[in-house]
Amino acid sequence: MLTLSKCEGSGGRIKGTPEGFVVKEITANGTVLVPGRSYACGELGYANAESGRFSTFVMQKTNWNTIQALLRISKLLGHGKGAIGYCGVKDRTSVSVQLASIFGAKPQDLLRLRIKDISINGAWLSSGPVEMGSNLGNAFEIAVEDIKSPQSVGKAIEELGGSMPNYFDRQRFGSRLNNAKIGIAIIGGDFEAAAMHVLLDTDWEEDRIAVEARRQLASDRDFAKALSYFPGYLKGERSVLAHLSTHSKDYAGALRKLPRGITIMFIHAVEALVFNMALEARIRGADFDCPASCGSNFYGFPDTTTISAHGEYGLSPLIGYQTDDSHITSYESNAMGKIGVSKEDFKIKGMPELSMKGALRPLLAPVKDIAYSFDHGTKVSFSIPAGSYATVFMNEITKRDDLNLERLR
């Protein structure tokens, strides 16, 4: 993806260790959750409730995926996946602190838990769950290892001037970077192609056993037989295979065997790809004028509930079937043309539960509280809004990621 800063990259790499990638959630009242600190409900804007159906808590984790950590906690307390709530998923290779909730759990039971590399830094009763997107953003402290050009760190930060391209990064497109391909097939009503992308794609697949299994299935197309050699850890693929082994032509039904959170992500990836392609074209043409814009909240981050023509932050659409035509510029139209989708296609007839109405997203994201030092290795700290990617900001500095958007479609 094209960077906004034009200076030479510093080089180097991040996420060498969890301790080199610290993520601190910024809560709705502006509190930055820091590792190793206990919190009371009042500090974070919660009432001191004596009763409530939910337990809200501060979770600190090291080298855990957010969902896996919460599922582990929930299971130990005798609850299922549906009981958990959280604002956003934090990087696995990190030390991260975030708010979460569990329906039906008791705060004292949470505080008594002992799980390796997970700690509960405060828990209390609340009347409702922690919900996706309810945080303001995240603050980061990131170590850059093997840096080649330290002077480029300051140059890139100066060029950016407190903003960064608000790209969706690799995480949105899946570990095999094929989420958008699957989504495009679903939007086009080609559920067979979508299912085959799920089962067969080997580009960017790093697991040798998985590659061999996918290639064997591509060769013999025997779904029942594939269940004997697809590894158990490919749970999603195995659920698709199990359905196709008895319903060989029901590809939509097979896709429905995947968790809805995964299938929705396929469509989100198409929205993200259109957004990224439009943003890259805008950077190339140095054109950030948008038909819609928004103001900022009390923390100085974009507030997309305040849409206007002359706000602080320009907004580009995440395309959906209800996207206002006045918000679609030539940049989005050109991107959709290359991908082969229209806004109407996001009302998906064969799988209506995956239909997307559309939304607006800031083209550029503010980057606050920026600091860097070279005292004990290179360290960069900063804060960005919820939904923005720290890895995008770090790539503006290192220039290490050469992701080609054309290859995602």
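So which residues in region 7-62 are acidic (Asp, Glu) and touching a helix residue (DSSP H, G or I) at 6+ places or on another chain (Cβ under 8 Å), if there are any at all? Working first, answer last.
Initially, region 7-62 is screened for residues acidic (Asp, Glu), giving 8, 19, 25, 43, 50.
Selection gives Glu8 alone.
Mind listing whichever residues of region 37-71 are in contact (Cβ under 8 Å) with a residue 60 or more places away in the chain, under 26 Å from Gly20 (Cβ atoms) and of a type outside the set (A, V, I, L, M)?
Listed by number, the residues that qualify are Arg37, Ser38, Tyr39, Phe57, Gln60.
Can you work out which of the residues in region 223-246 that are touching a helix residue (DSSP H, G or I) at 6+ places or on another chain (Cβ under 6 Å) and either among the small types (Gly, Ala, Ser) or surrounded by fewer than 16 Cβ atoms within 10 Å (Cβ to Cβ) (or both) is nearest to Arg208 (Cα to Cα)?
That would be Pro231.
Of the residues Lys148, Lys116, Lys81, which single one is in contact with a Leu (Cβ under 9 Å, 6 or more places away or on another chain) and basic (Lys, Arg)? Write out each step before concluding.
On the way: Lys148 fails: in contact with a Leu (Cβ under 9 Å, 6 or more places away or on another chain); Lys116 fails: in contact with a Leu (Cβ under 9 Å, 6 or more places away or on another chain).
Unique residue meeting the criteria: Lys81.
Look through Gly154, Gly122 and report the one residue that is surrounded by fewer than 16 Cβ atoms within 10 Å (Cβ to Cβ) and either more than 30 Å from Asp109 (Cβ to Cβ) or assigned by TED's automatic domain parsing to the domain that holds Val22 (or both). Outline the logic, then answer.
Working: Gly122 fails: surrounded by fewer than 16 Cβ atoms within 10 Å (Cβ to Cβ).
Within the list Gly154, Gly122, the selection yields Gly154.
Each row is one residue, and each column tells you yes or no for (1) surrounded by fewer than 21 Cβ atoms within 10 Å (Cβ to Cβ); (2) in contact with a strand residue (DSSP E or B) (Cβ under 6 Å, 6 or more places away or on another chain).
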site: Pro35; (1), (2): yes, yes
site: Gly42; (1), (2): yes, no
site: Glu50; (1), (2): yes, no
site: Lys61; (1), (2): no, yes
site: Gln68; (1), (2): yes, no
site: Leu76; (1), (2): yes, no
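How many residues does region 126-146 contain that are closer than 15 Å to Val32 by Cα and out of contact with any Asp or Glu (no Cβ under 9 Å at 6 or more places or on another chain)? Before you say what the answer is, go through the steps one by one.
As a first pass, look at region 126-146 and keep what is closer than 15 Å to Val32 by Cα: 134-141.
Narrowing the set further to residues that are out of contact with any Asp or Glu (no Cβ under 9 Å at 6 or more places or on another chain) leaves 134, 140-141.
Adding up the residues that qualify gives 3.
If you take the residues in region 127-144 that are at pLDDT below 95 and either among the hydroxyl-bearing types (Ser, Thr, Tyr) or crowded, with 21+ Cβ neighbours inside 10 Å (or both), which one is nearest to the chain's Cα centre (by Cα)?
The residue in question is Ser134.
Is it the case, given these coordinates, that Lys225 is under 26 Å from the mean Cα position of the chain (by Cα), of a type in the set (D, E, K, R) and not assigned by TED's automatic domain parsing to the domain that holds Gly300? First the steps, then the outcome.
On the way: under 26 Å from the mean Cα position of the chain (by Cα): no; of a type in the set (D, E, K, R): yes; not assigned by TED's automatic domain parsing to the domain that holds Gly300: yes.
So Lys225 fails the test.
The values are calculated or read from the model by the stated rules, or taken from the named source; none is laboratory data. Keep in mind the model is a prediction, meaning the values are calculated, not measured. Positions of Cβ are backbone-derived with ideal geometry, glycine not excepted, and every protein chain shown enters the neighbour counts.
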